[in-house]
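What follows is a single structure, written as structure tokens, with notes after it.
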Amino acid sequence: MTNQQERIMNLSFSSPRWSPYMAGALVGVLAVLSVLVTTLVLDKPKYLGASTTFVRAAGLIEASVDAEHVAQNAYFTSKKVKVDWQMLFVVGIFIGAFVSARLGASSKLETVPPIWKDRFGTSAVTRAMGAFIGGCILLFGARMAGGCPSGHGLSGNMQLAVSGLLALVFFIIGGIFTARLVYGKGGA
């Protein structure tokens, strides 16, 4: 096997970088398993997705302050404020990313990445505010679109849905546009 073939097939959990082909195949396996578990075991027609989790988490936090308001809110009523499999999926994403970074010896504590520092300076507060505002914009867009990139992009494409294919094209275009806008021509 050549060095290039070895890199393509690399699936060592302790490697700092996985083969994109193997990682893609594993995401495909995860998607199929999620469909099987949610439809056959949980008897729900739900697929991979994450954005509703953040709405439910906001509802849970708000319910701890004013449960009556949450109970009367039409949006929270339609989304059923609860801890469900999607919330555990999102928690698993964070835990999996952390474990993977630790196993691959690629984790480091970094409040301001070099690409951000080059464009905006070294302020961790500015970086945190930028990340928070960007996250709010992304979550608003995901809720407006009726789903997030994992819901539309992964699950939609897995079903060969035209809406999923279109969403994926626009995610890529939006990502390129945003990277150029935020970081300039060298940022993408």
* Asked: Do we have Leu138 as more than 28 Å from Glu110 (Cβ to Cβ) and open to solvent by 90 Å² or more (accessible area, probe 1.4 Å) here?
  -> no
* Evaluate the following for Ala105: is it touching a residue at least 40 places away in the same chain (Cβ under 8 Å) and more than 21 Å from the chain's Cα centre (by Cα)? => yes
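When only residues in segment 72-105 that are farther than 30 Å from Thr39 by Cβ and aliphatic (A, V, I, L, M) count, which is least open to solvent (accessible area, probe 1.4 Å)?
Going through the qualifying residues, I end up with Ala101.
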* Structure fact -> In segment 157-178, anything surrounded by 15 or more Cβ atoms within 10 Å (Cβ to Cβ) and among the hydroxyl-bearing types (Ser, Thr, Tyr) is listed as Thr178
* To do: Enumerate the pairs (first residue in segment 123-138 and within 22 Å of Ile172 (Cβ to Cβ) and aliphatic (A, V, I, L, M); second residue anywhere and open to solvent by less than 60 Å² (accessible area, probe 1.4 Å) and in a helix (DSSP H, G or I)) with beta-carbon separation below 9 Å, excluding pairs fewer than 6 apart on the same chain, so at least 6 apart or on different chains.
  => Leu138/Ser51
* Looking at this structure, is Thr126 at pLDDT 90 or above and surrounded by 12 or more Cβ atoms within 10 Å (Cβ to Cβ)? -> yes
* To do: Go through (1) over 27 Å from Ala31 (Cβ atoms); (2) over 14 Å from the mean Cα position of the chain (by Cα) and name the single condition Cys136 misses.
  => (2)
* Asked: Considering Leu154, Leu181, which residue is out of contact with any His (no Cβ under 9 Å at 6 or more places or on another chain), open to solvent by 60 Å² or more (accessible area, probe 1.4 Å), more than 19 Å from Thr52 (Cα to Cα) and part of a helix (DSSP H, G or I)?
  -> Leu181
* Residues that are surrounded by 14 or more Cβ atoms within 10 Å (Cβ to Cβ) and part of a helix (DSSP H, G or I), drawn from segment 142-151 -> Ala142, Arg143, Ala145, Pro149, Ser150, Gly151
* Mind checking which helices (runs of 4 or more DSSP H) fall wholly inside segment 3-108 and carry at least 1 residues that are at pLDDT below 80 and charged (D, E, K, R)? => 3-9, 74-79
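The values are calculated or read from the model by the stated rules, or taken from the named source; none is laboratory data. Worth saying up front: this structure is predicted, and the values here are computed from it rather than measured. Quick reminder, even Gly has a Cβ in these numbers, built from the backbone with ideal geometry, and neighbours come from all protein chains shown. These accessible areas exclude ligands, DNA and RNA; they are computed on the full protein's heavy atoms, side chains included. Shrake-Rupley method; radii C 1.70, N 1.55, O 1.52, S 1.80 Å.
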